[in-house]
Amino acid sequence: MHEAAITHSILKSVLQTVADENVDGYVTHIYVTVGVTQGIVPDSMQMYFELEKPGTILENAELIITMQGIVARCDECGKEHELDIPVMYCPDCASPMELIKGNEIIISSIEVENE
């Protein structure tokens, strides 16, 4: 159910950005990147988006969600690895790794059409 709160925050941020930028028009697309470690179900985000957008300038907008896989960098050898599971030890040298992608929630871009 955390998809509801996250989707609400995304819509709130988009609406605030549009207001701050004095956008004259309406939002057509919102692109969001979500890391797989967030445990988000994209269909749930879509459902909450559809429930919240009526009556706003997002009413005709489409939410485009891109899931970001796990990418980690080895602290010792510096190599980056795409991982299926968050095992944080380097497959090359067995040293600890730092998560660099896969835990984010980012509004990548907002498309607006002028009236």
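FYI, it's all coordinate maths here, none of it is from the lab. Because the structure is a prediction, the values reported are computed rather than measured. Quick reminder, even Gly has a Cβ in these numbers, built from the backbone with ideal geometry, and neighbours come from all protein chains shown.
Bridgeable aspartates and glutamates around K79 (alpha carbons under 17 Å apart, same-chain partners fewer than 8 residues away excluded): D92, E98. Charged side chains reduced to their Cβ positions (Lys and Arg at +1, Asp and Glu at -1) give region 1-99 a dipole of some 120 debye around its Cα centre. The C-alpha atoms of the chain define a longest principal axis, and helix 2-20 lies at about 60 degrees to it.
Counted over region 26-115 with a bin width of 5 Å, the fraction of Cα pairs per bin, in whole percents, is 3, 14, 19, 16, 13, 10, 8, 7, 5, 3, 1, 0. Determine the relative contact order of the chain: mean sequence separation of Cα pairs under 8 Å and six or more apart, normalised by residue count, in whole percent. It comes to 36 percent, rounded to a whole number. Where both bridge residues fall in region 1-111, DSSP classifies roughly 70% of the beta bridges as antiparallel.
Checking every one of the GluC sites (Glu not before Pro) in region 33-81 against DSSP loop status and a limit of 15 other Cβ atoms within 10 Å picks out E59, E76. Near the amide H of T28, within less than 5 Å, lie the amide hydrogens of E111, V112, E113, all on another chain or at least 5 residues away, with H placed in the peptide plane. When you filter the trypsin sites (Lys or Arg not before Pro) in region 35-115 for DSSP loop state and at most 15 other Cβ atoms inside 10 Å of their Cβ, you are left with K79. With Rh defined as the Kirkwood radius, the inverse of the mean 1/r over Cα pairs, the Rg/Rh of region 1-79 is 1.10.
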